[in-house]
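Each remark here refers to the structure printed beneath this line.
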Amino acid sequence: MRIQLQSKLPNVGVTIFTEINELAVRHNAINLGQGFPDYNVNSDLHELVADAMRNGFNQYTHMNGYPPLRQKIAAKIKTLYNADVDPDSSITVTPGGTYAIYTAVTSLLRPGDEAIVFEPAYDSYIPNIELNSGKAVTVPLRFPDYSIPWDLVDKAITSRTRLIILNSPHNPTGALITENDIVELSKRVAGTDIMIISDEVYEHLIFDGKPHLSLLKYPELASRSFVCFSFGKTYSCTGWKLGYCIAPPELMKEFRKVHQFNCFTCDTPKQIALAQYLDNSNVYLSLAPLMEAKRNFLRELMKKTPFKLIPSHGSYFECYSYGHFSQESDRDFAARMIRECGVATIPVSAFYRTGQDDHVVRFCFAKKESTLEEAAKRILKLF
């Protein structure tokens, strides 16, 4: 007898990242699609991990994260955002930022609850909501600057709205929230039971002299927020899958109820190493100018092509439009780029539930200069 399984995610298939990666491998393409560096982690951090393993730190650490690491995180948050965070009751170390977001969603949503998601959106948000029997209410960001349309947010909020998910710096576009967005958000959640998940995994990747407006800086918003971060993005070690979540004690208590029955705890040697590595604040404070230089390097290379820049002010990514020279769908265009010039990008329509296609593709510039140069040389074959 064939077992019939009713899918919890009936509309989810193979992700665009899998499709693009498989096509890229088939055509030996340079992968500027997914957000990971192609250069190595700092050797000092390598050695700290190796030392931790050699020194016997190979068993479980505390469920909520290695205590000295949580203390260092709290000190960092105080310095950067002037926020007092209790390392014991408000910080949990997680296996990556995506896990932190899922756990926060799971701890909050009940069947029928609504969650507002701004599109284009990181691809885990809506499945996270639906797995928890919630309803994702999507609000499209204004094209082409991808700003938040607060008039549309007003129309999206109902008596069932339980959650708003923010992401700044934004993936896939590199857009940033502004002080006005903070004011507008505060107005809409005041006096309600609406919670916030703030995805801030690219906190140290902000360019053009702009500040990172962490929700931790705003006590009224922080009091109703889960704020999620990533060591992988900060230290160019995305494969380590380590991050953390910060929330008020009463919210973190619920978060940990889910966490303890899911992963329980995270990689011990890497937490030991990160606790020591965080002492060198220059590493993460110097990341933005290094990555901004890579963004600018790609921009100069792309000036030789007909692509039109959509400026990014943060993250690993910058988007380019092509609708002025081709009316192909962005999926077809991205596939043709791989086949004809051997460069992989991500079509931005993949970040919309509706498949909205503005003829835009996303490039990852967190690569070696030689990689970006070769990619640009190949792109010119299209024209």
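The values are calculated or read from the model by the stated rules, or taken from the named source; none is laboratory data. Bear in mind that the values here come from a model prediction, so they are computed numbers and not experimental data. When we count neighbours, we look across all protein chains shown, and the Cβ atoms used for this are built from the backbone with ideal geometry, even at glycine.
Just to be sure before I move on: is TYR81 farther than 25 Å from HIS259 by Cα, assigned by TED's automatic domain parsing to the domain that holds HIS259 and either among the aromatic types (Phe, Trp, Tyr) or in contact with a strand residue (DSSP E or B) (Cβ under 7 Å, 6 or more places away or on another chain) (or both) in the structure I sent? In short, yes. Being among the charged types (D, E, K, R), assigned to a helix (DSSP H, G or I) and farther than 18 Å from THR234 by Cβ, is that true of even one residue in segment 60-82? No. Criterion first (in contact with a helix residue (DSSP H, G or I) (Cβ under 6 Å, 6 or more places away or on another chain), more than 30 Å from LEU242 (Cβ to Cβ), surrounded by fewer than 18 Cβ atoms within 10 Å (Cβ to Cβ) and not polar (S, T, N, Q)) does ARG378 satisfy it? When the stated conditions are applied, ARG378 passes them. I'm trying to understand the selection: among the residues of segment 244-265, which are assigned to a helix (DSSP H, G or I) and crowded, with 17+ Cβ neighbours inside 10 Å? Within segment 244-265, LEU251, MET252, PHE255, ARG256, HIS259 meet the criteria. Can you say whether VAL85 is over 30 Å from SER7 (Cβ atoms), touching a Cys at 6+ places or on another chain (Cβ under 7 Å), in contact (Cβ under 8 Å) with a residue 24 or more places away in the chain and not charged (D, E, K, R), as far as the supplied structure shows? For VAL85, the condition - over 30 Å from SER7 (Cβ atoms), touching a Cys at 6+ places or on another chain (Cβ under 7 Å), in contact (Cβ under 8 Å) with a residue 24 or more places away in the chain and not charged (D, E, K, R) - is not met. Considering only segment 8-49, state which residues are in contact with a helix residue (DSSP H, G or I) (Cβ under 6 Å, 6 or more places away or on another chain), in a helix (DSSP H, G or I) and of a type in the set (Gly, Ala, Ser). The answer is ALA24, and nothing else. Considering only segment 233-243, I want to know if a residue exists there that is assigned to a helix (DSSP H, G or I), over 20 Å from VAL201 (Cα atoms), in the same structural domain as ILE182 (by TED's automatic domain parsing) and modelled with pLDDT of 95 or more. Scanning segment 233-243, I find no residue that is assigned to a helix (DSSP H, G or I), over 20 Å from VAL201 (Cα atoms), in the same structural domain as ILE182 (by TED's automatic domain parsing) and modelled with pLDDT of 95 or more, so the answer is no. What pairs come up if the first residue lies in segment 181-208 and is without any contact (Cβ under 8 Å) to a residue 40 or more places away in the chain and part of a strand (DSSP E or B), the second is of a type in the set (Gly, Ala, Ser) and surrounded by fewer than 18 Cβ atoms within 10 Å (Cβ to Cβ), and their beta carbons are under 6 Å apart, counting only those six or more places apart or on different chains? So the pair list comes out empty.
When residues in segment 315-336 are screened for being out of contact with any His (no Cβ under 9 Å at 6 or more places or on another chain), farther than 17 Å from LEU298 by Cα and surrounded by fewer than 24 Cβ atoms within 10 Å (Cβ to Cβ), 5 of them pass.
Checked across segment 148-171, the condition of being acidic (Asp, Glu) and surrounded by 16 or more Cβ atoms within 10 Å (Cβ to Cβ) holds for no residue.
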